[in-house]
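S.K.: The following block contains the structure, expressed as structure tokens.
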Amino acid sequence: MSQKKPLLCHLGMAGINFKHDRVDLCYRAVEGTREKYKTFEDVMNDPELNRQRLMLLNGEWPLPQCGDCKKMEDAGALSYRNRIRFWNEDDWYLNNVDPKTGKMNVLHRVEFRFNNTCNYACRHCNSEYSTLWSKVVKNNPDLKTFNISNNQHVESYAQNLDLDSLIPYIERLGEGEWLELEITGGEPFFQKEFYECLIKFQPYADKVRIITTSNGSIGGKFKGYDVVEILKPYSNVALKFSIDASKSFYEYFREGGNWDVVMKNIKRLKDEVPQTSIHPVITVTSMQAARLKEIYQEFKEFADPRDFDMCEVISPDILNPKYLPNELKLKYFQDWNSFVKTLPKEEMNVASFVGDFTTSSLLQDGDEAKWDEFCRYTDRLDEIFGKRVFDYFPEWEE
């Protein structure tokens, strides 16, 4: 064991994440294993994943795999490994990894996606995660020059995975423990595999915490499946809704979306599946940084700010708020901090946490060339979608 302090990570030391064509320690990791396995036991014992766990245990960053968290911590922001905690004590997770082999003992979290079927083409997404984006790029191949759609969709790893092989890991859980099963997409509510998976694990509904990320466009039936009825047996459900924007620019940022429909569906799920917690997702791009106060106030009407899920934009990098012109960065930084000071004292810390990554990004050095590329990219999407950015962010026109 290294003399360095371990880089404690509940996700990496008790979970696995299935991307389309590979498996990682967590949902933010960028490079894991591409070996194809059929069972969860084989995946958990993959040599590359074991190596990465050992590095964390020895206080070393597995790079580039864990680059997101390292970058956030270097910038002074609270990283994902520091903000995401499960129910056991920290030492439990350190001891869950064999110090010689890197193998995990108990599995507490699994995340996977079945495919990229999606009815939206959001500004921060690409063909890997959306079939609508695939159509957009097919009709406008010049978009590839912006590094937005170079990652094409491949068959999901989960399509060939034996889901029954997860059952022994559920059955061995102790009293008061559960398995977090998170299903993302694409848009899961548009995928029959999503409903079939939930039905499969209903006999273990008291031991499985269901987490799913949805765009909220479906709040009822899909091809004979009723999401409300399927979720009801589960005693613990967390619904993450990728909303990202306030009403004023929601339908600009999330092409294909309808704000009123999403709000109606969230209300239905919240009312009819009472064991559900609602977690609005905010992926922070330059647009979210510009309207963070507005987003906070509107999301607070249907969710607790402590349940807001803040995410750093991954692709394309030109959407990062740090590339905004300095005068805009200063304005948005001051506007947000002035707003936080108006909140009740007990809410200030929560709001500061919500704005943590945004404010730390606004304090970083920019890059004029990146901002120019962002402008060209935005203009091109506006042309494709028939929108005009200055109708939503008039202060950018000057």
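The values are calculated or read from the model by the stated rules, or taken from the named source; none is laboratory data. Given the structure is predicted, the values throughout are model-derived calculations rather than measurements. A quick note on method: Cβ atoms are made from the backbone with ideal geometry, for glycine too, and the neighbour counts reach across all protein chains shown. Calculation scope for accessible area: heavy atoms of the full protein, side chains included, ligands and nucleic acids excluded. Shrake-Rupley method; radii C 1.70, N 1.55, O 1.52, S 1.80 Å.
S.K.: Among the numbered criteria (1) open to solvent by less than 10 Å² (accessible area, probe 1.4 Å); (2) touching a strand residue (DSSP E or B) at 6+ places or on another chain (Cβ under 6 Å); (3) within 24 Å of Glu373 (Cβ to Cβ), which one does Phe112 miss?
M.R.: That leaves (3) as the condition not met.
S.K.: Glu383: at pLDDT 95 or above, open to solvent by 30 Å² or more (accessible area, probe 1.4 Å) and over 30 Å from Val137 (Cα atoms), yes or no?
M.R.: no
S.K.: If you go through the stretch 23-63, how many residues are touching a strand residue (DSSP E or B) at 6+ places or on another chain (Cβ under 7 Å) and polar (S, T, N, Q)?
M.R.: So the count comes out to 1.
S.K.: Kindly indicate the residue of the stretch 165-186 that is charged (D, E, K, R) and surrounded by fewer than 17 Cβ atoms within 10 Å (Cβ to Cβ) and also farthest from Val110 (Cα to Cα) among those meeting that condition.
M.R.: Only one residue tops the list, namely Glu175.
S.K.: In the stretch 286-313, which residues are in contact with a Pro (Cβ under 8 Å, 6 or more places away or on another chain), farther than 18 Å from Val262 by Cα and among the small types (Gly, Ala, Ser)?
M.R.: Ser286, Ala289
S.K.: Leu181 is checked against (1) touching a Pro at 6+ places or on another chain (Cβ under 8 Å); (2) touching a residue at least 60 places away in the same chain (Cβ under 8 Å); (3) assigned to a strand (DSSP E or B) and fails just one. What number does that condition carry?
M.R.: The number of the failed condition is (1).
S.K.: Within the stretch 335-358, work out how many residues are closer than 17 Å to Gln297 by Cβ and touching a residue at least 12 places away in the same chain (Cβ under 8 Å).
M.R.: Residues flagged as closer than 17 Å to Gln297 by Cβ and touching a residue at least 12 places away in the same chain (Cβ under 8 Å) within the stretch 335-358 amount to 13.
S.K.: Kindly check whether there is at least one residue in the stretch 251-263 that is free of Cβ contacts under 8 Å to residues at least 12 places away in the same chain, over 28 Å from Arg85 (Cβ atoms) and either under 20 Å from the mean Cα position of the chain (by Cα) or surrounded by 20 or more Cβ atoms within 10 Å (Cβ to Cβ) (or both).
M.R.: yes
S.K.: Please go through the stretch 95-129 and pick out each residue that is more than 16 Å from the chain's Cα centre (by Cα) and among the basic types (Lys, Arg).
M.R.: Lys100, Lys103
S.K.: Kindly list, by first and then second residue, each pair from a residue in the stretch 371-398 that is among the hydroxyl-bearing types (Ser, Thr, Tyr) to a residue that is surrounded by 14 or more Cβ atoms within 10 Å (Cβ to Cβ) and at pLDDT 95 or above, limited to pairs with Cβ atoms under 8 Å and residues at least 6 apart or on different chains.
M.R.: From residues that are among the hydroxyl-bearing types (Ser, Thr, Tyr), the pairs are Thr378/Val389; Tyr392/Ser248; Tyr392/Phe249; Tyr392/Tyr252; Tyr392/Met287.
S.K.: Let me ask something else about it. Restricting attention to the stretch 257-284, report how many residues are under 22 Å from Val389 (Cα atoms), touching a Ser or Thr at 6+ places or on another chain (Cβ under 8 Å) and not hydrophobic (A, V, I, L, M, F, W, C).
M.R.: Summing the residues that are under 22 Å from Val389 (Cα atoms), touching a Ser or Thr at 6+ places or on another chain (Cβ under 8 Å) and not hydrophobic (A, V, I, L, M, F, W, C) in the stretch 257-284 gives 3.
S.K.: Here is a further query. Across the stretch 279-330, what is the number of residues that are open to solvent by 30 Å² or more (accessible area, probe 1.4 Å) and hydroxyl-bearing (Ser, Thr, Tyr)?
M.R.: 0
S.K.: Tell me which residues, restricted to the stretch 331-368, are touching a Phe, Trp or Tyr at 6+ places or on another chain (Cβ under 8 Å) and either within 21 Å of Ser79 (Cβ to Cβ) or surrounded by fewer than 18 Cβ atoms within 10 Å (Cβ to Cβ) (or both). Working first, answer last.
M.R.: First, pick out the residues of the stretch 331-368 that are touching a Phe, Trp or Tyr at 6+ places or on another chain (Cβ under 8 Å): 339, 351, 354-355, 358-359, 362-363, 366-367.
Scanning the stretch 331-368 gives Phe339, Ala351, Val354, Gly355, Thr358, Thr359, Leu362, Leu363, Asp367.
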